[in-house]
Amino acid sequence: MARSLDKIGDRWTLVLVHQLLGGPKGFQELRVRTGIAPRVLSARLRQLAADGFVEGLRQGSRSLYALSERGRSLEPVVGALGRWWIVHGMGHLDVEPSRFNETSPQSILESLPFMLREDRARGVRVTFEIRLTGEGGGAWSVHIEDGACRVRRGFAERADVRYTAEARDWCGMALGLLDARELARRGLLVKDGGREAMDHYFHQIGGSATSEGEAPATATERRRM
């Protein structure tokens, strides 16, 4: 354990690996996504390349960073840490819906694989399409299959359930801070398709104060939509 942490346990290594698990990215995109100071980011990327976790590649005129096979081998480590925080660490967060900004929808959607309740997703095959308007809006496809979750940007080819909402409202709902049933009653959230509901399959910050494995009280109501 100590030898592993000597190699990958500094403040930014696994954060950068997590970002690159989603695909190759340029220096500026990594800087914006992580908030790492340019000098620190440059040093970390050099070290990751020297250790064989990251490699450079060209895409037209752009220089990008991508994970090597060794870097991709860290995916289970990143996943386990993310799930630990979602299940055990979120109670320390003080999240206020009015603090959402334009990066929130993308950040939350990219975090969904770590928020998945694997016990509820076993044997399940369902695709959600998320259509968001306003700052940070866009379309995403969320596919759950047999205990795993995959998120990609863009419309779903065949969605079982489709959510349409303003980005800020959907963020509050996805994190368990706003009640989906109330949003739907007010016309701020439209849900089309089957009866499946996202909050059934994902841990939520708003429900983190409940006992482990227990969904927040409002989640039951939301599943009746």
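The values are calculated or read from the model by the stated rules, or taken from the named source; none is laboratory data. Being a predicted model, the structure only gives us computed values, none of them experimental. For neighbour counting, all protein chains shown are included, and Cβ atoms are generated from backbone atoms with ideal geometry for every residue, glycine included.
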Exercise. Which condition breaks for Ala180 when tested against (1) within 23 Å of Val124 (Cβ to Cβ); (2) buried (at least 16 other Cβ atoms within 10 Å of the Cβ); (3) touching a Gly at 6+ places or on another chain (Cβ under 7 Å)?
Worked result: (3)
For this session: Sort through Arg33, Arg58, Arg11 and tell me the only one that's modelled with pLDDT under 95 and in a helix (DSSP H, G or I).
Result: Arg33
For this session: Give the residues of the stretch 13-35 that are among the hydrophobic types (A, V, I, L, M, F, W, C) and in contact (Cβ under 8 Å) with a residue 24 or more places away in the chain, sorted by residue number.
Result: Leu14, Leu16, Val17, Leu20, Leu21, Phe27, Leu30
Problem set entry | Enumeration of residues in the stretch 64-79 that are free of Cβ contacts under 8 Å to residues at least 40 places away in the same chain and surrounded by 11 or more Cβ atoms within 10 Å (Cβ to Cβ) | Ser68, Arg70, Ser73, Gly79
Seminar exercise, completed: Pairing a residue in the stretch 1-12 that is assigned by TED's automatic domain parsing to the domain that holds Ala43 with any residue that is part of a helix (DSSP H, G or I), where Cβ atoms lie under 6 Å and the two sit 6 or more apart in sequence or on different chains, gives Trp12/Arg44
